[in-house]
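All remarks here apply to the structure that follows.
No lab work stands behind these numbers, since they all come straight from the coordinates. Computed from a predicted model, the values in this text were never measured in an experiment. Virtual Cβ from ideal backbone geometry, glycine too; neighbours counted across all protein chains shown.
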Amino acid sequence: MESSKILDSAIWRIAVKTFDTGRKISKTDFATLLDIARYSPSSFGLEPWKIIVVQDEKIRSKIAECATGAQRQLETASHFVVFTVTTDLEPTSDYFKHICFDIKKMNADAYSEFISKFAAFQKEKTDLTDFRKRIDWAGKQAYIVLGNMMLAASIMGIDSCPIEGFFPSLVESVLHENGIIDSKKEHIVVMGAFGYRQNDPEHSKIRRSFDEVVCFI
Ligand SMILES: Cc1cc2nc3c(=O)[nH]c(=O)nc-3n(C[C@H](O)[C@H](O)[C@H](O)COP(=O)(O)O)c2cc1C
C-alpha cells in the first residue's frame, strides 16, 4: 500500500461522536480489527489487556449512565469496545504463569530467567509494586492496542472514537455486576467506538506544524 494512502487515511480519521445507525461493520472487518489488536506489542510480551465488545443494548445504556464522553457513541456505534487490564502481574501470579507456561511454552529455566529480568525491570523502571502504577503501566499498553485498531480502521474506511470520558470504577461495577469482569483483578482503562460517521466534518483537520512537533538530531 502506498504511504500517501496511509497518510490520507490517518488524516481522514476523526473522533466520531454520532455514527450512522443504518451501517454496521461486517463480521469479517471487525474480526480483522480484533486480530490487529491481538498482534499489538506489549512490554515483556505480557499482553496485560482484555477487549470487551459491548453489543448488548442494556449494558450499553448502563455504561452511558457513567460515561458522559460516550453518550452518542454508545447509542449509535456499530461496535463498542471496553479495554481492561490486569493488575495480576506478580511473577508468581496465575496470569503471569499462564503467559509464561501456557502461551510462551517456557520451561522452568526460561521462566526463572524471565522473572528475574522482569523483577529487575520493575525495580529500575516502573516500580510496579504500587497498584495505581500497575494500572497505568498496563493501561499505556492498552492505548497502543486501541491506536493500532483506529489506524487500521481508518485504512479500511471505518470510523472510530477513543473514549476516556467515563468513571472507571462505575463502569467496572456495571460489568462486574453483570458477571463480565472480576473488578478485583480487571480494571477499565479506555474505551473505543467503531462504525461509520453520520456526517462529514465541517472543518478540515488542524494540527501543530511538523516542525513544532518533530525534531531530528
Ligand atoms: C485518550 C483519548 C480520549 C478521548 N476521549 C474522548 C471522549 O471521551 N469522548 C469524545 O467524544 N472524544 C474523545 N476523544 C477524542 C478527542 O477529543 C479527539 O481525538 C481530538 O479532539 C482530536 O480530534 P480528531 O480525533 O477528530 O482529529 C479522546 C481522544 C483521546 C486520544
Which residues make up the longest stretch of the chain that has no chymotrypsin sites (Phe, Trp or Tyr not before Pro) in a DSSP loop with at most 10 other Cβ atoms within 10 Å? 40-215
Spin-label model distance (nm) - Ser112 vs Ser93, 7 Å beyond Cα toward Cβ: 2.4
Derived scalar couplings ³J(HN,Hα) [the stretch 82-90; Karplus, 6.51 cos²θ - 1.76 cosθ + 1.60; whole Hz; x for Gly, Pro]: 10, 9, 10, 10, 8, 10, 7, 10, 6
If I model a spin label as a point 7 Å beyond the Cα along the Cα-Cβ vector, how far apart are those points for Asp130 and Asp182 in nm? 2.6
Which helices count as membrane-span-like in the chain under these terms: full DSSP H, at least 18 Å along the axis by C-alpha, Kyte-Doolittle mean of -0.5 or more? 108-121, 131-155
Is the shape of the stretch 27-70 rounded, prolate or oblate, going by the alpha carbon gyration tensor and its root eigenvalues a ≥ b ≥ c, with a/c under 1.5 for rounded and a/b larger than b/c for prolate? oblate
Whose amide H sits under 5 Å from the amide H of Ile14, counting only residues 5 or more places off or on another chain, with H placed in the peptide plane? Ser160
Alpha carbon centre of the stretch 29-82 versus the stretch 167-217: separation in Å? 9
When N is the residue count of the chain, what does its C-alpha Rg come to as a fraction of 2.2 N^0.38 Å? 1.12
Using alpha-carbon pairs under 8 Å, 6+ residues apart, how would you state the relative contact order of the stretch 1-158 in percent? 36
How far, in nm, would the chain grow between Thr28 and Arg208 when pulled straight, counting 0.36 nm per residue and subtracting the alpha carbon separation? 61.2 nm
Restricting attention to the stretch 102-142, which trypsin sites (Lys or Arg not before Pro) occupy a DSSP loop and are surrounded by at most 12 other Cβ atoms within 10 Å? Lys105
Per DSSP helix of 4 or more residues, -39500 (n - 2.57); summed, then divided by the residues of the chain. What does that give at 222 nm, rounded to the nearest 500? -12500 deg cm²/dmol
